[in-house]
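Below is one structure, written out as structure tokens; the observations come after it.
The values are calculated or read from the model by the stated rules, or taken from the named source; none is laboratory data. Keep in mind it's a predicted model, so treat the numbers as computed, not measured. Virtual Cβ from ideal backbone geometry, glycine too; neighbours counted across all protein chains shown. Surface accessibility is based on the protein's heavy atoms, side chains included, excluding ligands, DNA and RNA. Shrake-Rupley method; radii C 1.70, N 1.55, O 1.52, S 1.80 Å.
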Amino acid sequence: MTQPTSSKQKTEPTREALISSALHLFGRQGFDGTSTREISARAGANIAAIAYHFGGKDGLRLACGKAIAAQMTKVLQNGVKTPFASKDQAIRHLENTIEAMARFLLLGARAEDILSFMLREINEDGPVLDGIYQTMIEPKHRELCAAWGGATGTDPESEDTRLAVFSMIGQLLYFRIGKPVILRRMEWETIQRQDADRIVRLLKRNLHAALAAASEE
């Protein structure tokens, strides 16, 4: 017997379409530069749906942040618990994180909208940033610092370790932020899967060099 469709199931596609539309437009035009009419039109929804689902434009902005945190948590989820059992496990965790994040940023369908939105929020120190920092950025950064410490025998919460992890993440982000420059210099039309494979290998090689240098200090 077919189960009846709940009202939530009926409205969920509209809610997701509004979040997707808002991510795209907020990232390119900014929060203040984007109207609810533009968001609803791009989503193919009635303008009243924004108030119905999110209470208004501000609520939609916060929902975008929650959606990003959920998406990135899913991308980077690995079930690893700290402290790491061995140096090798810590290194594998760093490698796996680099690969998952790089492939998402380079090949993921929503990566451009997510990154554009986040850069806006960071530059404006917007209200979404605190929520994403607390629920996703800080816990993930601490986890990677623990892995870095386990891989190098250094203090996971030292300033050097925290900066090293930011440096590692920065390399990853540049390949998305600097994509137009990279495409020109590499004479590529776009980044293909084989290109992403090469970039991942390079990033892992850089990681091992940085870990070796940190272990010797």
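Annotations
- Gain on full extension, evaluated as 0.36 nm per residue between residue 51 and residue 12 minus their Cα-Cα distance, stands at 12.6 nm.
- Relative contact order for the chain, counting Cα pairs under 8 Å that sit 6 or more residues apart, in percent: 21 percent
- Between the stretch 19-98 and the stretch 123-146, the alpha-carbon center distance in angstrom: 12 Å
- Rg in Å to one decimal, and Dmax rounded to a whole Å, for the stretch 28-185 via C-alpha atoms: 18.0, 56
- Computed with every protein chain present, the accessible area of residue 130 is close to 90 Å² [probe 1.4 Å].
- Dividing the mean sequence gap of close Cα pairs (under 8 Å, 6+ apart) by how many residues the stretch 32-123 holds gives a relative contact order of 15 percent.
- For residue 130 and residue 86, the difference between the fully extended length at 0.36 nm per residue and the C-alpha to C-alpha distance is 12.5 nm.
- Cross-link check: pairs 66/87; 74/204; 87/140; 66/140; 57/179; 87/179 evaluated at a Cα-Cα cut-off of 24 Å; pairs beyond the cut-off: 66/87; 57/179; 87/179.
- Accessible area of the stretch 47-180 belonging to carbon and sulfur atoms, whole % at 1.4 Å probe: 54 percent
- Calculated mean residue ellipticity, 222 nm, the chain: -25000 deg cm²/dmol, from DSSP H runs (n ≥ 4) at -39500 (n - 2.57) each, averaged per residue and rounded to 500.
- Label positions at residue 184 and residue 163, each projected 7 Å from the Cα along the C-beta direction, are separated by 3.1 nm.
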